[in-house]
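The structure appears below as structure tokens.
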Amino acid sequence: MEIFSIVMLLFLIIAAISVSVVKDLLGTIIIFTVYSLIMAILWQQLNAPDLAITEAAVGAGITTLLFVLTLKKIRGAGK
């Protein structure tokens with residue numbers, strides 16, 4: 001499982017850098033969601049299921065929903 005964790009850490013680093021580089025806001029939200037899901041997987045690998053569930057629910061779930069709704073509202077206000 002050590003190789004799996006290393007691969008997940010590399011994906012996590014790539015996602016973190018990509019959030020800063022990508023110009024498209026929807027793309028950034030999607031990458032942030034992937035980042036949160038990878039973090040949830042890593043928390044599970046570290047035997048912290050409570051943190052994994054919280055990260056998946058809040059980080060990937062609710063935060064993504066709020067970001068998408070905010071983006072929709074911002075784009076709708078420009079019309």
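Taken together, the values in this text are just the output of simple stated rules run on the coordinates, not laboratory data. Note that the structure is a prediction, hence the values are computed from the model and not measured. Cβ sites come from the backbone with ideal geometry, for glycine too, and all protein chains shown count toward neighbours.
Worth pointing out:
- The sole residue among 52, 16 that is under 30 Å from residue 74 (Cβ atoms), under 13 Å from the mean Cα position of the chain (by Cα) and not hydroxyl-bearing (Ser, Thr, Tyr) is 16.
- The one condition from (1) over 16 Å from residue 26 (Cβ atoms); (2) touching a Phe, Trp or Tyr at 6+ places or on another chain (Cβ under 8 Å) that residue 67 does not meet is (1).
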